[in-house]
Amino acid sequence: MPRLLRIDASYEANGSVSRGLTGVFAEAWRSRGDGHTVIQRDLRTDPVPHLTHAALHWASEETPPADESHREAAQAQRALVAELLSADVLLLGAPMYNYSLPSTLKAWLDQVHVRGLTSPAEEDTQPLRGRTAVIVTTRGTVHGLGTANEDRDHVVPPLELILGEEFGMEVHVVMVGRTLSTSIAALAPERSAFEAERDAAAARLTALAGSLA
Ligand SMILES: Cc1cc2nc3c(=O)[nH]c(=O)nc-3n(C[C@H](O)[C@H](O)[C@H](O)COP(=O)(O)O)c2cc1C
């Protein structure tokens, strides 16, 4: 059964643009029928723990748990890794906060990037190689080429490095800026540009969800 793992990280309870867009993708995925299922994790209401032992960055065969708290943390980590490995497609809602990833999403990434298990260590271990990851990233302002914020995006580059290079996934990035134009008066002139970007993103996500093998 083709399975989508949808992870949202917006701190917004209502009206999150990224959550709206990951919802569009998930609905388009589900509407394909034929057993297309969605596992949903919202890190706002259901955050994962931060790593408590540096050894958890390596597969446990190399660094067996040293004590009970390490063992429990390793067990929790294994469940998160298993959830990721069970998915054919990964969908992340990744807003920009302080030029960077939501801390909750960073905690999830720290949990699932395990050398020798999800990324290569001695061996070329990449169980996710060839699978698809879709990153939906939102930001209040504009961060494209030629803007003052051109080099200030610390959301997409680490996700592309870990998911794309370390895990070997095929990464698609869908970005929407100017989201604060709906709530900050000084940015109101940007509102129609934001709406056009958001609608184009929704159309792209619908098409992508319908076309992934
Ligand atoms: C704590 C915090 C930090 C933010 N930092 C930035 C930032 O560095 N750059 C930016 O363009 N927007 C920033 N924003 C605006 C969010 O990126 C924007 O509201 C985005 O739409 C959030 O995603 P969401 O709509 O899915 O909740 C910040 C918002 C919050 C709450």
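The values are calculated or read from the model by the stated rules, or taken from the named source; none is laboratory data. The structure displayed is predicted, hence computed values, not measured ones. Note: ideal-geometry Cβ built from the backbone for every residue, glycine included; neighbour counts use all protein chains shown. Note: accessible area is taken over every heavy atom of the protein model, side chains too, but ligands, DNA and RNA are not part of it. Shrake-Rupley method; radii C 1.70, N 1.55, O 1.52, S 1.80 Å.
The table for this structure:
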item	result
Chain lengthening between His53 and Glu27 when straightened (0.36 nm per residue, less Cα-Cα)	5.6 nm
Net charge over other residues, Cβ less than 12 angstrom from the Cβ of Gly140 (K, R count +1; D, E count -1)	0
Mean Kyte hydropathy of -1.0 or more with a Cα span along the axis of at least 18 Å, helices from DSSP in the chain	17-30, 68-85, 191-211
Selection of GluC sites (Glu not before Pro), the stretch 1-68, meeting DSSP coil and at most 15 other Cβ within 10 Å	Glu12, Glu61, Glu62
Neighbour net charge for Val156 - beta-carbon separation under 14 angstrom, K R +1, D E -1	-2
Computed magnitude of the charge dipole of the stretch 3-211 (debye, nearest 20; Cβ of K, R +1, Cβ of D, E -1)	720 debye
Residue-span extension gain [Ala186 to Glu123] - 0.36 nm each, minus C-alpha spacing	17.3 nm
For the stretch 55-153: Kirkwood Rh in Å [reciprocal of mean 1/r, alpha carbons]	15.6 Å
Alpha carbon Rg of the stretch 105-169, scaled by the compact-globule rule 2.2 N^0.38 Å	1.32
GluC sites (Glu not before Pro) restricted to DSSP loop in the stretch 95-186 with at most 11 other C-beta within 10 Å	Glu122, Glu123, Glu150
Value at 222 nm in deg cm²/dmol, rounded to 500, when DSSP H runs of n ≥ 4 in the chain each add -39,500 (n - 2.57)	-10000 deg cm²/dmol
Selection from Val136, Leu161, Ala121, by position along the positive dipole direction of the chain (Cβ)	Val136
Cα gyration tensor, the stretch 1-55 - rounded (a/c under 1.5), prolate or oblate	oblate
With every protein chain in place, the chain: carbon and sulfur % of accessible area (1.4 Å)	52 percent
Those trypsin sites (Lys or Arg not before Pro) in the stretch 1-65 that DSSP places in a loop and that have at most 14 other beta carbons within 10 Å	Arg32
DSSP-defined beta bridges in the stretch 56-152 - what % are antiparallel, rounded to 5	10 percent
Cα pair distances exceeding 27 angstrom across the stretch 3-211, given as percent	33 percent
Considering only the chain, percent of DSSP beta bridges that pair antiparallel, nearest 5	5 percent
GNM flexibility winner over the chain from Leu85, Leu145, Leu43 (Cα, springs under 10 Å)	Leu145
Listed residues Pro189, Thr22, Ala201: farthest to the positive end of the dipole of the chain (Cβ charges)	Pro189
Where Met175, Met96 fall by accessible area, highest first, once all protein chains stay in place (1.4 Å)	Met175, Met96
